[in-house]
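Below is one structure, written out as structure tokens; comments come after it.
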Amino acid sequence: MAATCYCQNHCPDGQLNGTCNLQPFSQCYAAAEEVLNPDTGQLEPEWSYGCMPPGEQGFMQCKGHLVPHLIPKSIACCHSSDLCNKELRPMFRPTSSTWSQLITAENVHLLAFLICASLCFAVILVLLIVCHRRLKQQEKNCEHYYSSRKHSWFGGSDSLDYTTEDSSGSGSGLPLLVQRTIAKQLVMIHTIGKGRYGEVWLAKWRGEKVAVKIFFTLDEQSWFRETEIYQTILMRHENILGFIAADIKGTGSWTQMLLVTDYLEYGSLYDYLNSIVLEPRAALQLAYSAASGICHLHTEIHGTKGKPAIAHRDIKSKNILVKRNGDCVIADFGLAVRYLSDINQVDIAPNTRVGTRRYMAPEVLDETLNKRSFEAFKQADMYSFGLVLWEIARRTYILDKREVCRSSDDSDKAPLCSSVETYQLPYYDCVPKDPSFEDMHAVVVAKRIRPDIPQNWYKLEPHSTFAQTMSECWAMNPTARLPALRVKKTFSKLLDW
Ligand SMILES: Nc1ncnc2c1ncn2[C@@H]1O[C@H](COP(=O)(O)OP(=O)(O)O)[C@@H](O)[C@H]1O
Ligand SMILES: [Mg+2]
């Protein structure tokens, strides 16, 4: 059994080396530790020798080589003979292998867990940032829309002036706050229409029926433009669809753009003409009221609170609705353009949407329409309106006094009202169902074909006026076409007659 141990660096009385006396139940030790040699800049082992304290503390220290250390260390103990530790040379694994030492079987799980946790944290952080950005963007859209309404392009009046519900001339719709409340209080009932750019629903708002147009998320521009047009000062008119509210609803990745308008139970003129035949007076009323709506749209009203001239660019029977009193209203302003008369510029909506090919004027089809001339857009509207007049006239009885009318309870007698044509879309007999640009160009521009006007239309009113008016509306030369005001006056005279 050893009584003395060799000592170095840890000797009693501060000696550099020598011996130390062992206490009962203690051991001699030799320890190695990695230290930086300032002369060489290298990590090198440094040995120390001495006597361990007695008891558990010394015992545990002698096991020190079994656990990994941040600074590489090793230790060896002995008590077989005096100075037995002098020959001991414990060695640690140098720094380069410290990491691999740390990654022991037990540590691998911990390490894997730490990596997974960090990855999850990073993914959650990215998702949170993306959501936050989207929300901010949506808020911005809303802000932009509402602030743009405050700074209307025309007249520059404040929003209250033109958002009050009065028919005396201000812009249409309810005050902004009310609009946003309405959108939240809507109870959707069922769909009533589907266009290319959205879906129209019958909904209830405080027990009142309203129509809600929901735009496809990708067609933000149509919603924006249509809302802007409805908000135009002096837009409200008995022959323009009554606007109630507009709003953007949405959370995160899902956005709904809504437009709330009066609900018209007869639906579009297209649906109406498909379902009923018209008395001449009813046909005149439809034509007159639709012309009045277009005329109001096309007309600029001067003054600080004036109205800009607006062209529709998608006039067709599906975009004209019928009121219960038999009047038409113009709807669907997703493509409309306004004329900025002070700077003589047409404000074209930044929208990829194009009009309906079947109703496109020849200058739109051959792409010669001068987009800087507002007159050109109005003339193109009148061409399309000519086709709508043809659709109405086909569904109108021609009263012939020489004949006796057949009624449902008197079906044997000869008809007083000559037969009515079936409902057809313009050019139904010369282009396919969903005509291409080329199909329409070949018929309307190359062959200069127009819908057929039966000869008997020229014999009696109101068909004769309808025939004359529609052919002047769809003239090949845009400048030869009738303006909306002229058409309105023509039908007005017949109605008074
Ligand atoms: N206020 C309304 N009342 C009743 N039906 C409507 C109303 N608004 C639209 N519709 C129906 O929905 C259809 C599509 O509406 P529209 O505004 O033209 O949408 P889109 O821009 O998708 O063409 C119309 O042709 C009509 O049948
Ligand atoms: Mg439409």
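The values are calculated or read from the model by the stated rules, or taken from the named source; none is laboratory data. Quantities reported herein were computed from a predicted structural model and do not represent experimental measurements. Virtual Cβ from ideal backbone geometry, glycine too; neighbours counted across all protein chains shown.
Residue selection: Leu335 fails the criterion of being within 16 Å of ligand 1 (Cβ to nearest atom), in a helix (DSSP H, G or I), in contact (Cβ under 8 Å) with a residue 24 or more places away in the chain and crowded, with 20+ Cβ neighbours inside 10 Å. Checking region 119-131 against the condition returns a match, with at least one residue being more than 23 Å from Leu43 (Cβ to Cβ), surrounded by 11 or more Cβ atoms within 10 Å (Cβ to Cβ), within 57 Å of the chain's Cα centre (by Cα) and at pLDDT below 80. Remark: Gly355 matches the filter, which requires a residue to be modelled with pLDDT under 95, assigned to a loop (DSSP other than H, G, I, E, B) and within 16 Å of ligand 1 (Cβ to nearest atom).
The residues on offer are Glu367, Glu363, Glu391, and the sole one that is within 16 Å of ligand 2 (Cβ to nearest atom) and assigned by TED's automatic domain parsing to the domain that holds Glu438 is Glu391. Here Leu387, Leu369 are screened, and the one residue that is modelled with pLDDT under 95 and under 18 Å from Ala480 (Cα atoms) is Leu369.
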